[in-house]
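Below is one structure, written out as structure tokens; comments come after it.
The values are calculated or read from the model by the stated rules, or taken from the named source; none is laboratory data. What you are looking at is a predicted structure, and each value in this text was computed from that prediction instead of being measured. Cβ placement follows ideal geometry from the backbone for every residue including glycine, while neighbour counts extend to all protein chains displayed. For accessibility, only protein heavy atoms count, side chains too; no ligands or nucleic acids. Shrake-Rupley method; radii C 1.70, N 1.55, O 1.52, S 1.80 Å.
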Amino acid sequence: MGIYEDNYLAKRPQELCNMCGRCCRVVTTSKSYEELKALQAQNDEGACEFLKIFVPYPSIEAARTVDKELVDNVINLLKEDGNYDENRLTFYGCKYLLDNNMCSIYEQRPTLCVHCPATPWSIVPPGCGFEGWLFLEREKAKQTVRKAKEDLLELKLLKSKSSDPEVLKKIASVEHKIQHTIDLYKKYGSYDW
Ligand code: SF4
Ligand code: SF4
């Protein structure tokens, strides 16, 4: 994981989980089942870990009978983003979830479970105990990136007013550090905020 994700996980209030078990009972991934199996065949750690515990539902309809709200929520989000493809979408359920929503391998559960939700951009089931906190964390991250962009603009102005090589060198160094901050959020769309 990157520095940003590590920091996020370090401060995540685990007590917000209300142990409803929904994120174990019906989940999906951005990769198709075929892609996951291909990655598993190449010993990809994430794919191997995922397919070790999660079993695919035979159809979207079968997953819907288990958690309709969750399935429809995912489909709506994918449609909003223009990423919905019925043929690529598979839902899975964990074989270690007990009827009382407890995890039967809790102490040995894989890293992907320990890290869930792994970033403020993780899609959680409606009503998940983390929902409100994740929203606030996303807003905080966006504020950080916007401030960093403002700082870059100020430095650009400063640069245009100076010809002193020492000053320009210092500005370049600060610019580099600020750009690094923006890059930490790159995979979550920091260039669009
Ligand atoms: S959906 Fe949210 S509240 Fe429910 S078990 Fe998963 S993390 Fe906890
Ligand atoms: S291993 Fe445990 S925590 Fe992980 S998805 Fe399964 S039931 Fe949930």
Legend entry - Those residues of segment 18-34 which are of a type outside the set (S, T, N, Q) and either in a helix (DSSP H, G or I) or open to solvent by less than 60 Å² (accessible area, probe 1.4 Å) (or both), in sequence order: CYS20, GLY21, ARG22, CYS23, CYS24, ARG25, VAL26, VAL27, TYR33, GLU34
Legend entry - Flag if PRO126 is surrounded by 15 or more Cβ atoms within 10 Å (Cβ to Cβ) and either within 11 Å of ligand 1 (Cβ to nearest atom) or part of a loop (DSSP other than H, G, I, E, B) (or both): no
Inset, instruction - For segment 85-94, state whether one or more residues are of a type outside the set (A, V, I, L, M) and within 18 Å of GLU131 (Cα to Cα). - result: no
